[in-house]
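The values are calculated or read from the model by the stated rules, or taken from the named source; none is laboratory data. Since this is a predicted model, take the numbers as computed values, not measurements. No Cβ is skipped: glycine too gets one built from the backbone with ideal geometry, and neighbour counts run over all protein chains shown. Heads up: the accessible areas ignore ligands, DNA and RNA and are worked out on the full protein's heavy atoms, side chains in. Shrake-Rupley method; radii C 1.70, N 1.55, O 1.52, S 1.80 Å.
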Amino acid sequence: MTEDEILKIFREYSALLEGHFILSSGLHSDRYIQCALVLQHPRVAEQLCVELGPKLGELGAKTVVAPALGGVIVGHEVARALGLRALFTERQNGEMTLRRGFHLEQGEPVLVVEDVITTGKSTRETANCVEDAGGKVVGIGALVDRSGGKVAFDVPKAALLTLDVKTWDPDNCPLCREGKPAVKPGSRPGQPKPA
Ligand code: ZN
């Protein structure tokens, strides 16, 4: 699939909205990404991860590890596409941990997989958690890299969509200055509809 075909899927399920948004961080943006809206359809989730998985397939990973909650479905479907194990990390007292009896062998090669890379913070926390558990991170994957590709890791990274999503402080937002009403996505089920 080309990036345009992937974009079309995201737009079709309203997982990528264009307009004027108030993000959960309080910043304003002209685009809003909600991967859960594509991932709610298992066949679409599978279709996307069958595209993403092979981009990381040559790295020799044995296991995929994804941060809960956002990464779980992507991790599971990428692991399915590559025939690997799918584990997830979760926060306990704010710290990313591997729980539920999940175990990594010493030196086990691991892909860390996410739905969206924004700053790379949760990806790095997951990677650190994998390394602390004895695993070796060999690659990073995400459906969307919304840093415009600027977030770098010291292992190969693959994303289906690379978007340079701009954000602004509300005081400094050009869309506010134009008088465009801002919407807070995800606050009500089925909201917002693009203007
Ligand atoms: Zn604004």
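Values computed for the structure shown
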quantity	calculated
Unique residue being without any contact (Cβ under 8 Å) to a residue 40 or more places away in the chain, among the hydrophobic types (A, V, I, L, M, F, W, C) and either over 19 Å from residue 126 (Cβ atoms) or within 16 Å of the ligand (Cβ to nearest atom) (or both) when the list is 17, 37, 69	37
Residue 157 vs. criteria of a type outside the set (Val, Ile, Thr) and under 13 Å from the mean Cα position of the chain (by Cα)	yes
Tally of residues being buried (at least 19 other Cβ atoms within 10 Å of the Cβ) and on the phi > 0 side of the Ramachandran plot across the stretch 119-138	1
Residue count for the stretch 79-91, restricted to those that are under 19 Å from residue 125 (Cβ atoms) and of a type outside the set (Lys, Arg)	5
From the options 154, 169, residue that is open to solvent by 30 Å² or more (accessible area, probe 1.4 Å) and within 16 Å of the ligand (Cβ to nearest atom)	169
Selection status of residue 48, surrounded by fewer than 19 Cβ atoms within 10 Å (Cβ to Cβ), outside any loop (DSSP other than H, G, I, E, B) and at pLDDT 95 or above	no
Residue in the stretch 14-44 that is nearest to residue 173 (Cα to Cα), counting only those that are within 14 Å of the chain's Cα centre (by Cα) and crowded, with 21+ Cβ neighbours inside 10 Å	32
The lone exception for residue 94 - which of (1) under 30 Å from residue 174 (Cβ atoms); (2) at pLDDT below 95; (3) out of contact with any helix residue (DSSP H, G or I) (no Cβ under 7 Å at 6 or more places or on another chain) it fails	(1)
Residue within the stretch 101-118 that is within 16 Å of residue 66 (Cα to Cα), open to solvent by 40 Å² or more (accessible area, probe 1.4 Å), more than 16 Å from the ligand (Cβ to nearest atom) and of a type in the set (Val, Ile, Thr) present	yes
Residue list for the stretch 172-186, restricted to those being at pLDDT below 90 and within 16 Å of the ligand (Cβ to nearest atom)	185
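Matching residues to (1) without any contact (Cβ under 8 Å) to a residue 40 or more places away in the chain; (2) more than 23 Å from residue 9 (Cβ to Cβ):
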| position | (1), (2) |
| --- | --- |
| 135 | no, yes |
| 138 | no, yes |
| 144 | no, no |
| 147 | yes, no |
| 165 | no, no |
| 169 | no, yes |
| 173 | no, yes |
| 176 | no, yes |
| 182 | no, yes |
